Every structure is written in C-alpha cells, then in structure tokens.
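Visitor: Take this structure first; my questions come after.
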Amino acid sequence: MFFNRCYWLWFNNRATYNGIVKVGVIVFPGSNCDRDMFHVLQDVFKLDVKYYWHEDKLPKNLDAVVLPGGFSYGDRLRAGVIAAHSPVISDVKKMAEKGMPVLGVCNGFQILVESELLPGVLLKNTSLNFMCQWTELIVKNNKTPFTSKFKLGQKIPIPIANGEGRYYIDKENLEKLKKNNQIVFQYGSNINDSVFDIAGICNKEGNVVGMMPHPERAVEPEINPKDCAPSNMIFQSLIATVGARK
Amino acid sequence: MSLQKEELEYLTKKIGRQPNDTERHIVAAEWSEHCSYKSSKIHLKMLPNKGARVIHEKGYDSGVLDVGDGYVVTVHIESHNHPSAVEPYGGAATGVGGVIRDILSAGTRPIALLDGLRFGDITKDSHARWLFKNAVTGIADYGNCLGIPTVGGEVEFDKCYSNYALVDVASVGFGKKERLIKNQAKAGDVVVLMGGSTGRDGIGGAQFASDSLETEDRSAVQIPDPFIEKLIIEATLEARNEGLIKAIKDLGGGGLSCAISETADAMGVGIELDVNQVHTREPNMKPAEIMTSESQERMLVITDKKRLPKLQKICKKFRVSCSVIGKVTGDKIMKVKDSKSVLASMPAEIVANAPLLNRPSKEPSYLKQLQNKKEPTSPKDLSKTILSLLFSPNIASKIWVYGQYDHEVGIRTVVKPGSDAAVLRLDNGKYLSVKIDGNPKHCYLDPKNGAMGCFEEACRNVVCTGAEPIGMVDHLQFGNPENPEIFWTFLESLKGITEFCKHFEIPCVGGKVSLYNETPHGPIKPTPLIGVLGLIEKTPLKPQKVMPGDALILVGTTKDELGGSEYYEHIHDFIGGKAPKINLTESKKNMDAVLSIIQSGQVRAAHDCAKGGLAIAISELCMTSQIGCAVSMDKVPQQKLDSAKILFSESHSRYLLVVEKSKLDSVLSSLRKKNITHSQIGSFQGNEIIFSNKKNQVAKLRVDKAHEKWFNSLRELVLHA
C-alpha cells in the first residue's frame with residue numbers, strides 16, 4: 001500500500017539499520033488502529049511485522065511489540081480494562097520484564113496502564129466529549145527506545161483522538177515519575193487537563209512507553225498537514241535501538 | 001401500522017387465500033413505504049444509473065464504482081429521521097450502523113462516513129439543542145468505536161424541523177473488484193444469521209418510519225452496539241477473504257421479513273427458515289416479533305454445507321453469534337416455520353414487491369405567492385450583516401461537531417473536515433473526493449432548481465479539490481406523499497436531479513427515499529440531499545495558505561437570486577423571493593473550466609460560493625489563512641445589483657480561485673479562451689476584509705476578530721445558551 005509515496009521515507013530509514021526488526025502488533029477485539037500501525041511499520045519503515053490476536057502466544061524472537069489504538073471490547077467498563085486481562089498480556093509482561101521495547105498508543109496506552117505495566121490512569125476528557133485534533137508534543141525523555149533520536153525539548157506535531165485521554169496520577173506518584181524520568185511526552189499546551197500536561201510516560205526501566213497521541217497518523221507527508229519528520233523519529237529510534245542491540 | 005384494505009385484498013388475490021396473522025405482519029413490514037418505496041418506485045426509474053464505471057450485481061444495497069487497477073468504491077446513503085427525533089442518541093448511532101452494513105454487504109470495507117444533520121432553530125429552541133447534541137454524540141460514539149472516519153457532512157438549522165430531526169448518513173467503502181460478493185445461491189445452501197441477538201427493540205420500525213410522527217414510540221427505536229458491529233465487520237471481511245460467502249444481506253428496516261424475502265427474490269430462489277433457530281435476546285418472543293424485529297448488528301449470510309464449519313470458526317474467533325436458521329430451496333417460496341408447523345408460506349416475489357402507487361400531484365399554491373412576495377430592503381450597516389451571518393449557526397464553523405468525530409483513523413484522510421470536500425487516498429495511488437449537500441430553503445421555493453442546486457453544490461465542492469465527479473447518490477426527504485402538493489415537490493426534485501445527471505453524465509448509483517417527515521407544525525421543507533463522489537487521478541488540491549499579493553478570481557455570474565438565502569432568512573426572517581436557478585450549459589462550462597485549471601496546478605486554493613454568498617465565501621478563505629482581502633464589488637460579473645445583493649446572492653455555478661501573481665496571466669487567459677464569465681475581483685493583503693463598490697467602502701471586518709467568533713460561536717451556543 002502507498003509504496004511509491006513512501007519510498008523516500010523507506011530509503012532514509014533503511015540507512016539507519018540494515019537488519020530486519022521483528023515487530024508484533026497485538027489485535028484485541030475492537031482494536032481499530034491495528035491496520036494503520038501495521039501499514040506504517042511494514043510499508044513505511046520496511047519492518048517485519050505480524051499481527052497477534054489477543055489469544056495468541058508471542059514468539060520469543062520478537063524485537064518489539066506495539067499495542068495499537070482503538071476500542072478494545074468497545075471500551076466497556078473502562079477503556080482498556082478487559083483487554084488488560086487477555087492471555088497475550090501475560091506474554092507481553094514477561095517480555096517487557098526482559099527489556100523488550102513495548103509501545104502502547106491511545107487504547108494501547110490505556111491497556112498498559114490497566115495491566116499495571118505503567119502507573120496512573122486515563123480518565124474521561126473534561127469536555128466529556130471525544131476529541132480529534134492536531135496538537136504538539138514536547139519530548140521530555142530521550143532515553144527510551146522510542147525517543148532516543150530526539151533532542152530533549154524537541155517538538156512533535158501529532159494528532160490525538162480519544163474520549164478517555166486525561167492522564168491522572170496522585171501527587172506522590174507524580175513526584176516519583178519526575179524523579180525517575182518517566183515522563184516521556186508533554187502536551188505543548190493544556191488541551192485536556194492531564195496532570196502535568198502528560199501525554200506519554202514510560203516504566204522505570206524505560207522500555208515500556210505509552211502515549212495518547214497517534215504517531216502512525218503523522219509519519220506520512222500526504223496526511224500530515226504540518227511536519228512528519230519528528231513523528232518519524234519515534235520509529236527511527238526503535239530501529240536504531242534494536243540495531244544497536246543486535 | 002398494518003396493511004391497507006386494498007393491499008390486503010391484493011395479497012389475498014395474489015396468494016389465493018386469506019393470509020394468516022404472521023403473514024400479515026411479514027408483509028406489512030415489507031410493504032411499508034420505508035421498505036417497499038411504493039409511492040416512489042415507478043418514478044425513481046427515471047434516474048440514469050448506468051455508466052462506464054458502474055458495476056451492477058443483483059441484491060446490492062450499495063452502489064459500486066470501478067476506480068481502476070482492480071479496485072472498486074462503494075457508496076450508500078440512508079437516514080434515520082423518525083428514530084432520531086424520538087431518541088437522538090440511539091437513532092443517530094443505529095443510522096450509522098445500518099448504512100455501514102450495506103457497504104459491507106457488497107464485500108467492501110467501509111472507509112468513510114459523512115453525516116447530514118438537520119434540526120430546528122437552536123438559537124431559540126432548547127429541544128432542538130438537545131436533539132442536536134445527542135445526535136452528534138450518538139454518531140461519534142458509534143463511528144469512532146468502529147474505526148471508520150467521519151470525514152464530512154453538513155449541519156443545518158431551520159424552523160421547519162422543530163421537534164424533529166433529519167439524520168442522514170452516507171458511507172463509502174473500498175475493496176478489490178475480484179472480492180465483490182456476487183449474491184448467488186442454489187437449493188440446499190445454508191442460511192445463517194450472524195451477529196447480535198434478536199430482541200424486541202425496533203419492532204415495527206419500518207412502519208413507524210412510514211407514518212407521521214404522532215406517537216413517540218420508543219420501542220420502535222433500535223439499541224446501538226458498535227462493538228458487535230465492529231466484530232461483524234471483521235468477521236464478515238475475513239469470511240469474504242476465505243470465499244465463504246455466497247450471498248449476504250444486512251438486516252435493516254423490516255428485519256428478517258425484508259432480508260429473507262428480498263434476498264430470495266433477488267436470487268430467484270426460495271428460503272425456508274425456522275424462527276426457533278434465531279438466537280433471541282429474550283424468551284417467549286412471538287414468531288411475528290422475531291420476523292419484524294429491527295435489532296441492529298445482524299447479517300444474513302448464505303453459504304454451503306461444506307464451507308459452513310469454516311464460517312462458524314471465524315464467528316467463534318470474533319465471538320459473534322451465528323445460527324443456522326434455514327436453507328435455500330428451489331421453489332421461490334418464503335417459508336417460515338416454528339420447528340414443526342408452517343407459520344407463513346408465500347412466494348418471495350410477492351412479498352418483496354409491494355403493489356406500487358401512482359400518487360396524484362399538484363403544484364402547491366404557496367409557491368407563486370412566496371416567489372412574488374415583496375423582498376426586504378438592504379440594511380445600512382453591511383459589515384454588521386456579514387458578521388452576524390458568520391456567527392449564525394448555519395454558517396459558523398462546525399468544529400464543535402467534527403472535532404468529536406475521529407476523522408483521521410484509517411490514515412486515508414488527505415483533506416480533512418472543515419474544507420469544501422473531504423479527500424481520501426486509495427490504495428491504487430488515486431484519491432476519492434466526497435461531499436454531501438442539501439438546501440431545503442432553496443428547495444422550498446423551487447423544488448426542481450433547488451435539487452439541481454444541491455447537486456451542483458456537491459459537484460462544485462469535489463471539483464474544488466481537483467476531482468472529477470464520477471457518481472452520485474440521492475436521499476429524497478419529504479413530508480406525507482398522500483398530500484398531492486408534497487408529492488409534486490418530490491417529483492419536481494426528482495426531475496431536476498435526473499436532468500442534471502443526464503447533462504453531466506453522472507450516474508445515480510444509489511439512494512433512498514424518506515417520506516412522511518412531518519412535524520407537529522406540518523411537513524418539513526423538501527430536503528433532497530445529494531452525495532457526490534469525485535475521482536482524482538493524480539494530485540489533489542490540498543488547502544494551502546493564501547499569501548499576500550495573491551489574486552482573487554470569481555468565476556460565474558452573480559444574479560438577482562436571493563430567495564431562500566441565509567441573508568433573507570437569517571437577517572430578515574423572510575421566506576420568499578426567487579431561489580437560484582441552474583443553467584445547465586453555463587453550469588457545465590464553468591465546472592469543466594475550473595476543474596481543468598485546478599488540475600493544471602495553477603491554483604493556490606479554490607472555494608465554492610454557496611451559503612451566505614460571495615461575502616461569506618471570501619471571508620471563509622480569509623479566515624482560514626488569517627489574511628485580509630481588498631474586494632472590488634464593481635468588478636463582480638452581475639446584473640445591476642445593489643451592494644447587499646452582490647454580497648449575499650446565492651447564485652450557482654460560481655467559484656473563487658486564489659492564484660499567485662506569477663500564474664495570474666496564464667489562468668486569466670485560459671478562462672478567456674474558454675469564454676468563461678470571470679473577473680479578478682480582489683487581492684489578498686493585510687488583516688482586514690474590505691468590500692468596496694466604485695471606490696466607496698461598503699463593508700470592512702477584521703479577520704482575527706471574525707475568525708474567533710466564527711470558530712467558536714456554535715460551541716458557545718450549544719454549551720452555554
């Protein structure tokens with residue numbers, strides 16, 4: 001899909017790492033950004049991508065796992081809470097413990113939080129409405145596998161699309177987040193009353209990252225009305241990190 | 001909500017005996033106006049539906065267009081007006097669900113949604129506000145959950161919809177031509193019901209939608225469950241990929257009665273089904289209830305015995321219930337059983353084809369009277385008039401609405417909501433431009449030209465993205481067709497659409513008729529809605545920032561056509577005058593010329609001139625780019641009009657082109673060569689929009705201030721009124 005349009009991106013990214021990064025995209029009933037993420041990883045970045053259904057076992061040789069956005073289980077009870085109890089999550093937990101990079105986007109972030117791979121919760125937006133708009137992120141931690149190529153403070157134009165995207169954590173644990181350098185992305189402006197304008201965080205070790213905005217919607221110039229280079233660096237960081245390890 | 005006396009006599013004669021109770025319920029559902037199109041069907045035949053790109057297969061509920069390289073685009077439009085007027089959240093949500101399943105039935109994946117929403121005057125009417133708010137949330141919650149982007153639409157408020165709602169949903173699908181489902185079955189094949197359980201919701205929904213809304217029958221409104229719909233989409237597409245589907249039909253209005261009889265009739269077979277095999281939501285449902293329930297998220301699938309286990313395995317994977325409810329027979333009879341006894345047995349052809357009506361029509365007496373009403377005089381302060389139009393709910397930015405819809409999911413949305421038409425990228429490197437348009441104010445004063453105008457407006461919008469219109473769908477919404485004056489407006493609109501289709505060679509690939517749209521205060525204004533699909537072979541014209549020094553060119557003539565304009569209705573509270581007319585020759589000439597100039601890449605931005613007239617179209621261009629413009633109104637090609645009329649006339653066939661200086665000569669000369677009425681009427685500069693007529697300043701507004709109010713006024717009105 002979209003091969004020609006992505007050629008220049010492919011060429012640039014390929015130069016970073018010549019091996020093939022194996023990525024698993026986890027699909028839950030109700031996931032709806034799985035195909036978008038798959039397209040970006042496979043067609044834009046030329047990675048070796050496979051879907052894994054929520055009941056599947058994950059192979060040991062994966063280099064990274066992505067939990068895409070959507071409405072797993074129709075957001076019933078609370079966004080992400082049912083998916084957090086899927087069989088596949090126990091495999092994700094085991095692999096995360098071993099240091100494998102894990103990225104959760106939007107509903108994927110909600111699932112990571114509900115499965116306690118990441119701290120805090122995501123609450124309903126204060127407007128009580130779904131919000132779909134472009135915004136700006138600021139990189140606050142460039143030590144994770146998904147941000148290693150950024151400069152601190154670098155800005156990323158990117159869209160959000162969520163109904164439960166307001167990050168909340170109590171004061172004491174917010175201090176811990178700050179102390180452990182777990183805040184990865186902040187919103188450039190207060191768009192949804194998230195605590196400390198948090199848009200994305202990581203675990204203590206830094207290998208599990210969750211973010212509400214959608215990088216897969218921002219990497220192709222055709223659909224990005226602003227600048228797609230910064231969003232590309234999220235995936236380029238992953239390729240570089242995996243490459244360095246091999 | 002039952003069969004008419006003559007219909008019962010007709011049925012008795014056709015089947016040669018008195019129908020029993022279950023049979024009457026089945027036929028009443030299928031012969032409702034909503035399912036049978038009995039008032040409109042003989043007239044709808046006038047619409048041209050053939051074209052080089054059109055693919056016809058039996059039993060399709062959506063239109064199919066070939067977009068080359070082995071790919072097809074599908075499109076369908078529906079409304080959910082009665083349910084939304086009673087229960088806006090559920091009504092609007094299930095409206096989205098229904099049209100998506102029509103796209104799925106062709107074997108294509110839904111890739112976009114567009115919504116046309118119409119309510120009463122929300123500035124004064126709190127009930128209209130409640131309907132509006134909840135319908136938007138209903139659409140957002142449903143479409144967002146499915147991961148189908150809502151990329152466009154329109155919102156309009158008019159007193160004629162007080163205590164009522166028009167909720168129209170169009171959906172676009174995309175897929176490979178070779179994977180289209182052919183709808184073929186033979187005796188011995190298995191009939192499967194996939195999806196949600198059948199409950200008592202939506203019983204008699206089709207008949208409910210075919211009556212005037214006198215009782216608020218909430219049980220006739222269906223309950224939405226987007227999560228099940230999402231699972232059905234994925235399960236159906238996986239089954240399609242594996243070639244397990246011989247025929248498929250969505251369960252919509254009329255429920256099983258309609259799906260079974262229409263499927264059997266379309267394929268020329270019989271279907272025998274056992275109501276006891278249908279998975280139900282509650283116990284002790286009567287056979288007639290099971291047959292007419294309109295519970296959502298259900299698909300009827302026909303497969304063969306060999307492939308059934310594979311289909312069941314896919315359903316199990318997605319945890320979608322799936323019951324084998326019957327089999328295909330060779331006798332062309334629709335037979336309903338209850339384990340042992342036969343409850344209904346009638347030829348499918350008779351059930352699926354209601355006796356058609358040729359209703360009388362008569363030109364409404366109000367028309368001449370309104371057209372000749374004395375028109376209002378111009379206000380003194382035109383700056384104030386322009387501002388008050390910009391902030392009016394019909395013209396103000398609809399960001400409060402589309403900001404709640406996920407319009408990016410699927411990563412196809414190249415031109416996003418808020419522009420003229422939405423543009424989606426396709427897998428073959430081409431682009432699809434889509435737009436829906438309606439204009440009840442024009443249609444009320446002149447149903448024929450009004451409908452043609454909606455058609456042209458939708459075309460103008462896709463043309464402004466560089467697309468060539470390749471197909472259209474129509475949704476014809478009127479009041480009670482038994483009133484000859486209302487029926488006349490229906491026929492006139494249909495004639496207008498037909499003429500336009502023929503002149504432009506744009507095939508009508510689908511549509512819907514919704515009648516009996518009556519409010520407690522009378523019928524709605526005629527509201528035909530037109531959806532147009534445009535194809536871009538190479539590069540779409542994406543919104544680009546207008547720069548200082550760019551020139552503004554107006555194509556087309558501004559005429560004394562202010563009847564039904566926002567200016568008359570919002571500013572003067574005046575309904576009357578002459579509504580804009582379409583001159584087909586001029587219309588096509590202008591459209592072809594503008595499209596070829598856009599395609600040649602010489603234009604920075606293009607915008608159609610519609611609601612609110614020239615003043616609003618120019619302001620929109622300026623506000624989007626945060627730049628001012630000096631406009632010389634004396635240069636506007638027109639027919640000796642005063643300043644207010646030049647600013648606010650809603651004449652058709654007009655386009656605004658923004659051209660950078662270096663390309664100006666070339667654009668002007670190609671317009672001259674093609675003999676197109678046009679003029680360079682202004683240039684962009686500064687931070688004020690200044691309209692002057694023969695050097696006298698007529699109106700002036702600051703772009704930043706105008707933008708702020710235009711952008712926020714609808715949200716303010718909804719949240720804080």
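The values are calculated or read from the model by the stated rules, or taken from the named source; none is laboratory data. Not measured: the values here are computed from a predicted model. FYI the Cβ positions are ideal-geometry reconstructions off the backbone, even for glycines, and counts take in every protein chain you see.
Visitor: Can you name the residue in segment A:222-231 that is within 14 Å of chain B (Cβ to nearest Cβ) and either of a type in the set (Lys, Arg) or in a helix (DSSP H, G or I) (or both) and is also surrounded by the fewest Cβ atoms within 10 Å (Cβ to Cβ) among such residues?
Guide: Only one residue tops the list, namely A:Lys226.
Visitor: Another question, if that's okay. Go through (1) surrounded by fewer than 24 Cβ atoms within 10 Å (Cβ to Cβ); (2) without any contact (Cβ under 8 Å) to a residue 24 or more places away in the chain one by one and return the number of the condition B:Ala396 breaks.
Guide: The number of the failed condition is (2).
Visitor: Report, by residue number, each residue of segment B:418-477 that is without any contact (Cβ under 8 Å) to a residue 60 or more places away in the chain and part of a strand (DSSP E or B).
Guide: Across segment B:418-477, the qualifying residue is only B:Arg425.
Visitor: Please enumerate the residues belonging to segment B:383-401 that are within 14 Å of another protein chain (Cβ to nearest Cβ) and in contact with a strand residue (DSSP E or B) (Cβ under 7 Å, 6 or more places away or on another chain).
Guide: B:Lys398, B:Val401
Visitor: Kindly indicate whether B:Ile411 is at negative phi and either assigned to a helix (DSSP H, G or I) or free of Cβ contacts under 8 Å to residues at least 12 places away in the same chain (or both).
Guide: So B:Ile411 fails the test.
Visitor: Same structure again: Counting just the residues of segment B:411-447 that are among the hydroxyl-bearing types (Ser, Thr, Tyr) and away from chain A (no Cβ under 14 Å), which one comes out surrounded by the most Cβ atoms within 10 Å (Cβ to Cβ)?
Guide: Filtering segment B:411-447 for residues among the hydroxyl-bearing types (Ser, Thr, Tyr) gives B:413, B:419, B:431, B:433, B:444.
With the extra rule that they be away from chain A (no Cβ under 14 Å), the set shrinks to B:433, B:444.
Values: B:Ser433: 29, B:Tyr444: 25.
Selected residue: B:Ser433.
Visitor: Can you report the number of residues in segment B:330-342 which are surrounded by fewer than 20 Cβ atoms within 10 Å (Cβ to Cβ) and touching a residue at least 60 places away in the same chain (Cβ under 8 Å)? Walk me through how you get there before you give the answer.
Guide: Our first condition is that a residue be surrounded by fewer than 20 Cβ atoms within 10 Å (Cβ to Cβ); within segment B:330-342, this holds for B:330-333, B:337-342.
From the residues that got through so far, the ones that are touching a residue at least 60 places away in the same chain (Cβ under 8 Å) too are B:330-333, B:337-339.
Qualifying residue count, segment B:330-342: 7.
Visitor: Taking segment A:146-179 as the search range and keeping residues that are touching a Cys at 6+ places or on another chain (Cβ under 9 Å) and outside any strand (DSSP E or B), which one is nearest to the other protein chains (Cβ to nearest Cβ)?
Guide: The extreme case among them is A:Gly165.
Visitor: Sort out which residues of segment A:115-131 are of a type outside the set (S, T, N, Q) and either out of contact with any helix residue (DSSP H, G or I) (no Cβ under 7 Å at 6 or more places or on another chain) or more than 14 Å from chain B (Cβ to nearest Cβ) (or both), and write them in order of number.
Guide: Selection gives A:Glu116, A:Leu117, A:Leu118, A:Pro119, A:Gly120, A:Val121, A:Leu122, A:Leu123, A:Lys124, A:Leu128, A:Met131.
Visitor: For residues that are in contact with a strand residue (DSSP E or B) (Cβ under 6 Å, 6 or more places away or on another chain) and over 16 Å from A:Ala218 (Cβ atoms), tally how many sit in segment B:404-414.
Guide: Summing the residues that are in contact with a strand residue (DSSP E or B) (Cβ under 6 Å, 6 or more places away or on another chain) and over 16 Å from A:Ala218 (Cβ atoms) in segment B:404-414 gives 1.
Visitor: Taking segment A:67-114 as the search range and keeping residues that are buried (at least 22 other Cβ atoms within 10 Å of the Cβ) and assigned to a loop (DSSP other than H, G, I, E, B), which one is nearest to the other protein chains (Cβ to nearest Cβ)?
Guide: A:Phe71
Visitor: Restricted to segment B:265-320, and to residues that are in contact with a helix residue (DSSP H, G or I) (Cβ under 8 Å, 6 or more places away or on another chain) and within 14 Å of another protein chain (Cβ to nearest Cβ), which residue is surrounded by the fewest Cβ atoms within 10 Å (Cβ to Cβ)?
Guide: B:Arg319
Visitor: Give segment B:12-31 a look and list any residue that's under 14 Å from B:Thr292 (Cβ atoms) and of a type in the set (A, V, I, L, M, F, W, C), or say none.
Guide: B:Ile26, B:Val27, B:Ala28, B:Ala29, B:Trp31
Visitor: Kindly indicate the residue of segment B:546-563 that is closer than 11 Å to B:Glu660 by Cα and touching a Lys or Arg at 6+ places or on another chain (Cβ under 8 Å) and also surrounded by the most Cβ atoms within 10 Å (Cβ to Cβ) among those meeting that condition.
Guide: Among residues in segment B:546-563 that are closer than 11 Å to B:Glu660 by Cα and touching a Lys or Arg at 6+ places or on another chain (Cβ under 8 Å), the one surrounded by the most Cβ atoms within 10 Å (Cβ to Cβ) is B:Asp550.
Visitor: If you don't mind, there's one more thing I want to ask. Keeping to segment A:45-85, report how many residues are polar (S, T, N, Q) and over 17 Å from A:Cys106 (Cβ atoms).
Guide: Summing the residues that are polar (S, T, N, Q) and over 17 Å from A:Cys106 (Cβ atoms) in segment A:45-85 gives 1.
Visitor: Let me ask something else. I'm checking my understanding of the structure. Among residues of segment A:192-213 that are part of a loop (DSSP other than H, G, I, E, B) and in contact with a Ser or Thr (Cβ under 9 Å, 6 or more places away or on another chain), which one is surrounded by the most Cβ atoms within 10 Å (Cβ to Cβ)?
Guide: Filtering first and then ranking leaves A:Met212.
Visitor: Could you say which residue among B:Arg118, B:Arg109, B:Arg101 is crowded, with 24+ Cβ neighbours inside 10 Å, more than 20 Å from B:Gln222 (Cα to Cα) and out of contact with any Cys (no Cβ under 7 Å at 6 or more places or on another chain)?
Guide: None of the other options fit; the residue is B:Arg118.
Visitor: Scanning segment B:650-693 for residues that are assigned to a loop (DSSP other than H, G, I, E, B) and basic (Lys, Arg), which turns out farthest from B:Asn449 (Cα to Cα)?
Guide: Top of the filtered list is B:Lys674.
Visitor: From the list B:Leu300, B:Leu244, which residue is modelled with pLDDT of 95 or more and assigned to a loop (DSSP other than H, G, I, E, B)? Spell out the reasoning first.
Guide: Details: B:Leu300 fails: assigned to a loop (DSSP other than H, G, I, E, B).
Selected residue: B:Leu244, the only one of B:Leu300, B:Leu244 that is modelled with pLDDT of 95 or more and assigned to a loop (DSSP other than H, G, I, E, B).
Visitor: Could I ask something else about it? If you check B:Leu131 against the conditions, is it more than 17 Å from B:Gly403 (Cβ to Cβ) and more than 14 Å from chain A (Cβ to nearest Cβ)? Show your work before the answer.
Guide: Values: more than 17 Å from B:Gly403 (Cβ to Cβ): yes; more than 14 Å from chain A (Cβ to nearest Cβ): yes.
Answer is yes for this residue.
Visitor: Can you tell me which of B:Gly138, B:Gly188 is surrounded by fewer than 23 Cβ atoms within 10 Å (Cβ to Cβ) and either within 30 Å of B:Ile55 (Cβ to Cβ) or within 14 Å of chain A (Cβ to nearest Cβ) (or both)?
Guide: Of the residues listed, the single one that is surrounded by fewer than 23 Cβ atoms within 10 Å (Cβ to Cβ) and either within 30 Å of B:Ile55 (Cβ to Cβ) or within 14 Å of chain A (Cβ to nearest Cβ) (or both) is B:Gly188.
Visitor: What residue, of A:Tyr167, A:Tyr187, is closer than 20 Å to A:Gly70 by Cα and of a type in the set (Ser, Thr, Tyr)? Give the steps one after another, and end with the answer.
Guide: Values: A:Tyr187 fails: closer than 20 Å to A:Gly70 by Cα.
A:Tyr167 is the lone residue from the list that is closer than 20 Å to A:Gly70 by Cα and of a type in the set (Ser, Thr, Tyr).
Visitor: On the basis of being more than 30 Å from the chain's Cα centre (by Cα), away from chain A (no Cβ under 14 Å) and in a helix (DSSP H, G or I), does B:Ala617 make the cut?
Guide: So B:Ala617 fails the test.
Visitor: Would you mind stating whether B:Lys310 is among the basic types (Lys, Arg), modelled with pLDDT of 95 or more and part of a loop (DSSP other than H, G, I, E, B)?
Guide: When the stated conditions are applied, B:Lys310 does not pass them.
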